[in-house]
Amino acid sequence: MLMNITVVGYWHAYPERGEATSGYLLEHGSTKLLLDCGSGVVSNVQKYIDLIDLNGVVLSHYHHDHFADIGPLQYAQIVNKGMGKRKKNFTIYAHQEDTASFNKLAYKDLVKSVAYNEREPLKIGPFAFNFFKTQHPVPCYAMKITCDGKQIVYTADSSYFAGLADFANGCDLVITECSGYSGDHVGQYGHMNSKDAAKLAVHSGVEKIILSHLPHHGNHEQLKREVEETFSGDVVLAKAGLVLEL
Ligand SMILES: [Zn+2]
Ligand SMILES: [Zn+2]
């Protein structure tokens, strides 16, 4: 059986018309998880699945472009449960370093919350998650997902550092943030530009990367060309509905 990942939203900061910020649908058999749940994700994920089929969400951090739609998603679970439609339990997995935000994730017995940490892998259905703290203004975790011998790393938000490339070493696919073009100094805000994304790809030794968390200016094709100047592997630009199987 294959593991599937669908790009639900890929915008940095806010969604362009009709689209969404960070959100990736991860599926294997009947297990369906969202990696992050930014603004527009609840609406857009329904292009691919019914909300009642979601098992939960794994959150990287508490910035709005990654968790703005958690509230609506909780309501959807509550409403669907009330109508007798929901069959699955629903769990939000997140770090607990921002206690006030973490404590808002659970709702009665309808939405559960589970804290993850860097020290122990987290098992969710067929997936094993490992977490790694990134360099960002608020605590944020990159995640490595292992399933049937395949590995995906999602960087979430981070500036470039060697440890992140080590974390991604040898995986089959990296979904990396790419918040700016080569001349954009986004590192100071805890983000990567195309040169940083290329460095991550080269140093981690992966063969394929998806550029996501894309900026609102310029032509995204240029990001891809800038990465390809130093990285000889496969570079894919995130877009809504892009599906990768591995
Ligand atoms: Zn962020
Ligand atoms: Zn972000």
Per the filter on region 17-32, residues within 22 Å of Ser179 (Cα to Cα), touching a helix residue (DSSP H, G or I) at 6+ places or on another chain (Cβ under 6 Å) and not hydrophobic (A, V, I, L, M, F, W, C) are Thr21, Ser22, Gly23
Which numbered condition Tyr62 fails, given (1) touching a strand residue (DSSP E or B) at 6+ places or on another chain (Cβ under 7 Å); (2) within 16 Å of ligand 2 (Cβ to nearest atom); (3) not polar (S, T, N, Q): (1)
Inside region 130-161, can you point out the residues that are closer than 21 Å to Asp65 by Cβ and away from ligand 1 (no atom under 16 Å from the Cβ)? Ile145, Ile152, Val153
Among the listed residues Asp98, Asp65, Asp148, identify the single one that is of a type in the set (Asp, Glu), buried (at least 22 other Cβ atoms within 10 Å of the Cβ) and touching a residue at least 40 places away in the same chain (Cβ under 8 Å). Asp65
Hits in region 231-246 (condition: surrounded by 13 or more Cβ atoms within 10 Å (Cβ to Cβ) and either touching a helix residue (DSSP H, G or I) at 6+ places or on another chain (Cβ under 7 Å) or among the acidic types (Asp, Glu) (or both)): Phe231, Gly233, Asp234, Val235, Leu237, Ala240
If I filter region 68-80 for residues that are within 16 Å of ligand 2 (Cβ to nearest atom) and either touching a residue at least 60 places away in the same chain (Cβ under 8 Å) or not in a helix (DSSP H, G or I) (or both), do I get at least one hit? yes
Taking region 200-226 and keeping residues more than 30 Å from His28 (Cα to Cα) and surrounded by 20 or more Cβ atoms within 10 Å (Cβ to Cβ) leaves Leu223, Glu226
Residue that is surrounded by the fewest Cβ atoms within 10 Å (Cβ to Cβ) [pool: residues in region 32-42 that are under 16 Å from Leu244 (Cβ atoms) and within 9 Å of the chain's Cα centre (by Cα)]: Leu35
State whether the residues of region 106-126 include one that is within 16 Å of ligand 1 (Cβ to nearest atom) and in contact (Cβ under 8 Å) with a residue 24 or more places away in the chain. no
Is it true that Leu211 is more than 26 Å from Glu19 (Cα to Cα), of a type outside the set (Gly, Ala, Ser), touching a strand residue (DSSP E or B) at 6+ places or on another chain (Cβ under 9 Å) and not in a loop (DSSP other than H, G, I, E, B)? no
Given the criterion more than 21 Å from Tyr24 (Cα to Cα), part of a loop (DSSP other than H, G, I, E, B) and more than 16 Å from ligand 2 (Cβ to nearest atom), identify the matching residue among Gly163, Gly183. Gly183
Criterion violated by Tyr14 - all others in (1) touching a helix residue (DSSP H, G or I) at 6+ places or on another chain (Cβ under 6 Å); (2) surrounded by fewer than 24 Cβ atoms within 10 Å (Cβ to Cβ) satisfied: (1)
So which pairs qualify, if the first residue must be in region 195-210 and over 18 Å from Leu237 (Cβ atoms) and touching a residue at least 24 places away in the same chain (Cβ under 8 Å), the second must be assigned to a helix (DSSP H, G or I) and of a type in the set (Asp, Glu), the Cβ gap must be under 9 Å, and the two must be at least 6 apart or on different chains? His203/Asp166; Ser204/Asp166
Select, from Gly29, Gly56, the only residue that is more than 12 Å from the chain's Cα centre (by Cα), away from ligand 2 (no atom under 16 Å from the Cβ), closer than 23 Å to Leu110 by Cβ and among the small types (Gly, Ala, Ser). Gly56
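A short reminder: the numbers here are calculations on the coordinates, not readings from a lab. Note that the structure is predicted; figures quoted are calculated from it, not measured. Cβ atoms come from the backbone with ideal geometry, glycine included; neighbour counts cover every protein chain shown.
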